[in-house]
Amino acid sequence: MYTAYTIKVPVFEGPLDLLLHLIKENKIDIYDIPISLITNQYLEYLELMKELNLEIASEFLVMAATLIYIKSRMLLPADDSISNEGEEDPRENLVQRLLEYQSIKEAALLLREREDLWSNAFSRPITEEDNTSMEREPYLFELNIFDLIAALKKVITKVPSEMITITKETLT
């Protein structure tokens, strides 16, 4: 009997996501990326995607070319005829992009957590009476125990004063 092997490959949303994964996996400081190591691992991931017949988006190939370019710039000796003041670290732009992407990804995660938290909260429709009282009532996050007690008292005053007794009927 022939059994197919299942291989699970992490899905990356883009080339920066793959780079962040490699940086975290290797526990590397994002400000001091060893380009040689990251480039080799990045290219290994692209080869794995080819072997698994996954479509490789052009963005991944552009990032691979960028990494190879930065790697070649890092390997070349500095040119003494050009002043070092105008020459910047070729990794600087990549690091800036990674930091921006990381902050956006963290913000998206925070928003997803808030969505999960508030997806189980239900609200009632706003009435005309609510619109007039909204101006003087505090927002939900500004409430304390005394505000809750006052709200309970307000609800209790709206309850009809007459008592209704509900009796259990036994049916045969």
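Throughout, read-outs are computed from the coordinates displayed, never taken from laboratory work. Quick caveat: nothing in here was measured; it's all calculated off a predicted structure. With ideal geometry, Cβ positions are generated from the backbone for all residues, glycine too; neighbour counts draw on all protein chains shown.
Listed peptides 42-52, 149-159 appear in the order 42-52, 149-159 once ranked by packing, highest mean of other Cβ atoms within 10 Å at the front.
Here K50 is the anchor, and the lysines within straight C-alpha reach of less than 24 Å, apart from those fewer than 8 places off in the same chain, are K8, K24, K71.
Order the peptides 95-101, 106-112 from the highest to the lowest mean number of other Cβ atoms within 10 Å of their residues. It would help to have the intermediate numbers written out before the result.
Numbers: 95-101: 14.3, 106-112: 10.0.
Listed from highest to lowest mean packing, they are 95-101, 106-112.
Treating r as the C-beta distance of I145 and L111 and R0 as 25 Å, the FRET efficiency rounds to 0.25. Extension gain, T165-Y31: 0.36 nm per intervening residue step, less the Cα-Cα distance, totals 40.9 nm.
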